[in-house]
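Contents: one structure, followed by commentary.
Values in this text are rule-based calculations from the coordinates and carry no lab data. All figures in this text were calculated on a predicted structure; none of them were measured in a lab. Backbone-built Cβ (ideal geometry, glycine too); neighbour counts: all protein chains shown.
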C-alpha cells in the first residue's frame, strides 16, 4: 500500500516585494497611470502649500484687529479665536465661574472614557455614574456649598454639547433596546406601542421635536408646573435618537439565528435571561458600527438646540460673532476651530467603534 | 414498546397546525414512550418528525389532543413548561451553541442561572460531562474554534448538565462531515447505558439497529408504523415504509 505524503505548505509567491517594486506595480504600471500619479501628486502639493500659506505663513495669531483686516484674503486671522475663543467654548456661562464647567466636563468625560473600557463593566459603574451626575450638577448649577447659582439657560458652549450628548446617549441606548425588543414582542399591545413610537418619531425632523418639547409641552402642563428647558431638550433628543437606534438594534436581533433562543429555551432560561445573556450580546455586537453612527449623529445634532435659545458650541459661535461687526468677517476661522473640536470627538468615537467591534468579534472566533 | 408502568411521554390524539400557513403538520398522533426507552424516529423530510419531538419540550405548541410529559400536561400553563424543560435535554441539528461564550460557559449557564447551583460546583459537574464526551481539553475555547463533531459533543454535554430524564436529538448528525458522524454516534451509544429516555430523529439506520428499542416511521404528519428495529427493517408492514427504506438503504 502507498503511504500518503503531504506536500509542505509554502508562502504565496510575489508577496515580499520592496517599496520600489510596490510603487512600480501600483502607481507607475503604464504611461497613463504614471501621468495620473504625477498630476495628482502635483495637485496635492499645491493644495497643501497654498493652504499652509493661508493658515500659517500669512496668518495673524494675535488678537490684533488691524493686522487681521490687513491680512484679509491672504492669511488667516487666528486672532479671532484668541479674542472670542473663550465665549465660543463656554457660551453664556458667567466668565468668573468658568472653572466650574471645565472641571465638571472633565469629570463627565473621564467617566465616559472609563465606561468605554470593558474591564470596568461591573456593578460599581452605575454608582460611579450617579456620583458623577450629582457632582456635575452641583458644580454646574451651584446655589449650594457657596457656589453662585447659574441658571440652566446660561449654560452653553462645549460643556453643554458634551452634557446633552452624554446624557441623551446614556438614556437613549437602553430605551432603544427596550423598544427594539418590544417591536418583536408577542404581546400585541406592546408591539403596537413600540411601532407607533418609532414611526411617529421618524416621521418628523429633530428640529420639530425640539420645538414641540420646548414650546408646546409647557402649554399642556398644569398651571405652575415648569419643566426646565434643559430637561425638555434632553428628553426630545433622547426620544429622537432612541427611535433610530431601536431600528438599528432590531436589525441586529433579526440577524440572530432562531436556534439561539430555542437553545436558551430548552435550557430553561427565562425571557429576560435569554435576552441579556444570549441575544443582546450577539445582536449588539453585529450592529456596533450602526449604533456608533447614531451616536455620532446625535453628537452633531445637539447643535440644533440653538432653536430653543440654548447656545452650545455652534450656537455660542454665532452668539460670539454675529453681534460683533468688527470680528464677524473672520467667521470662517472660528468655524474651522469648532470643526476641529467636532472632528476630534467624532474621530475618537469612530476609532473606539472599530476597536470594540474587533474586540467583540475576537471573542467569537479566536 | 409495551410497558405496564405509566409512560413518561404520552401523545393522545395530538393535532398541530402551523400558525403561519395553516399546514396540518401533526395528524392524530397517539404515542407512548416508556421510561428508559430508546426510540428512533425516521421518515421523509416534512413528515413532522422534528415537530413531534419539539412539542415535547414546548418549542412548538399543539392545538388538539393532550401531550403529557412526566406527569405534566403541556398546554397554555407556563409553569408546566418550565417544569418540563428542566427534565428534558435537547440536541439540535445545528448545535446551537452560544458562540460568544466559551465551551465551559455554555455548559454552566443553565446550572448556575436556572438551577442556581454555585459556580464552582457547576464547573466541576460540567467537567465530568466534558470528559464523558471527550472534549475536556477544549473547555476554555469558543465553539467556533472546534470542529462540527466536537461542537455537537459539546451540545450533548450541555444538555446533560441539566441531568435530564429525557433526551431529544433532532437530526444530530445531519449537519456533520462524514468523518465526524461516528464520534457523535459513539457518544450517543454510550448514553444509552444510562437509563435515560432517548428520542432520536435520525436517518442513521446503523444506530437504530444497534441501540433502538423501537423505530417509529412517520409520513405526512402521521405515525405510519412502529416496530422493534429488526422487524421494521426486515419486514416493514406498509408500502410507504418499504418504499422509504428502499430509497435510503438502496445504495
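Mean residue ellipticity at 222 nm, helices only, chain B: -11000 deg cm²/dmol; runs of at least 4 DSSP H residues each add -39,500 (n - 2.57), and the sum is divided by the number of residues.
Listed from fewest to most Cβ neighbours within 10 Å, the set B:127, B:90 follows the order B:127, B:90. P(r) for region B:110-226, from all Cα pairs and a bin width of 10 Å, is 12, 41, 33, 13, 2 %, short bins first.
In a fully extended conformation the segment linking residue A:149 and residue A:26 would gain 37.9 nm over its present Cα-Cα distance, using 0.36 nm per residue. Take every DSSP beta bridge whose two residues both sit in chain B; close to 50 percent of them are antiparallel.
Of the beta bridges DSSP finds with both residues in the protein assembly as shown, what % are antiparallel, to the nearest 5? Expressed as a percentage, antiparallel bridges in the protein assembly as shown total about 45.
Take each residue of peptide A:253-263, count the partner chain Cβ atoms within 10 Å of its Cβ, and average: the result is 4.
Adding -39500 (n - 2.57) for every DSSP H run of four residues or longer, then dividing by how many residues chain A holds, sets the calculated 222 nm ellipticity at -21500 deg cm²/dmol. Considering only Cα atoms, the convex hull volume of region B:9-248 works out to 129 Å³ per residue. Projected label points at residue A:204 and residue B:145, each 7 Å from Cα along the beta carbon direction, are separated by 5.2 nanometres.
Using the scaling law 2.2 N^0.38 Å as the reference, what is the normalised Cα Rg of the protein assembly as shown?
1.34
Sorting A:198-210, B:25-37, B:182-194 by average packing, meaning the other beta carbons within 10 Å per residue, from highest down gives B:25-37, B:182-194, A:198-210. Protection proxy ranking for B:106-117, A:268-279, using the average of other Cβ atoms within 10 Å per residue and placing the highest first: B:106-117, A:268-279.
Between residue A:54 and residue A:86, the contour length at 0.36 nm per residue exceeds the Cα-Cα span by 9.2 nm. Roughly what % antiparallel, to the nearest 5, for the DSSP beta bridges in region B:108-251? Approximately 50 percent, going by the DSSP bridge assignments. The Cα atoms of region A:95-149 cover 38, 18, 10 Å along the three principal axes, with the biggest extent listed first.
Scaling the Cα radius of gyration of region B:48-146 by the globular reference 2.2 N^0.38 Å produces a ratio of 1.27.
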